[in-house]
Amino acid sequence: MPDATRLAELELRQTQMDKMIEKMIATSEKTNESITKLTQSIHESSVEQRHTREATERMHKRLDVLESSIQSIKEQQASDRPWIDLMQSINGRVWFILVGILFTAVSTIGTIGYMFSKTGVTP
């Protein structure tokens, strides 16, 4: 019987080892699935980061173009400033002259009307 006992112990150990190996295989498969998911997630994140980086680069290029445009507009405005000042000055003088002409016309018409009223002539 010692051989039968020994054989039973060996079979029990073999069964336990088989169960442990099955658990190790199941654990290994779960680990592989987790690693695969993690790798896929890292890849997707990398793709998103690349798209974000490219969009950011395009945005920076557009900002550079806009800043350049703004700078050229400011330079143009600075070079046009003397002309703007001159036109504003002329505009003010024109209004002054127009008011003077209007005042002169009203006074002339008033004077002519007064003269006609005194002479008795109706226009």
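The values are calculated or read from the model by the stated rules, or taken from the named source; none is laboratory data. Source: prediction; values computed, not measured. Because the Cβ atoms are built from the backbone with ideal geometry, glycine has one as well, and the counts that use them run over all protein chains shown. Side chains included, ligands, DNA and RNA excluded: accessible areas come from the protein's heavy atoms. Shrake-Rupley method; radii C 1.70, N 1.55, O 1.52, S 1.80 Å.
A few notes on this one:
- Among Trp83, Ile35, Ile112 - extreme Cα towards positive end, dipole of the chain, charges at beta-carbon: Ile112
- Once you reduce the stretch 62-88 and the stretch 1-55 to the center of their Cα atoms, the two points are 69 Å from each other.
- Per principal axis, descending, Cα span of the chain in whole Å: 164, 35, 15
- The angle separating the long axis of helix 2-119 from the principal Cα axis of greatest extent in the chain is about 0 degrees.
- Taking the 1.4 Å solvent-accessible surface of the chain as the whole, the part contributed by carbon and sulfur is 64%.
- Net dipole in debye of the chain [+1 Lys, Arg Cβ; -1 Asp, Glu Cβ; about Cα centre; nearest 20]: 980
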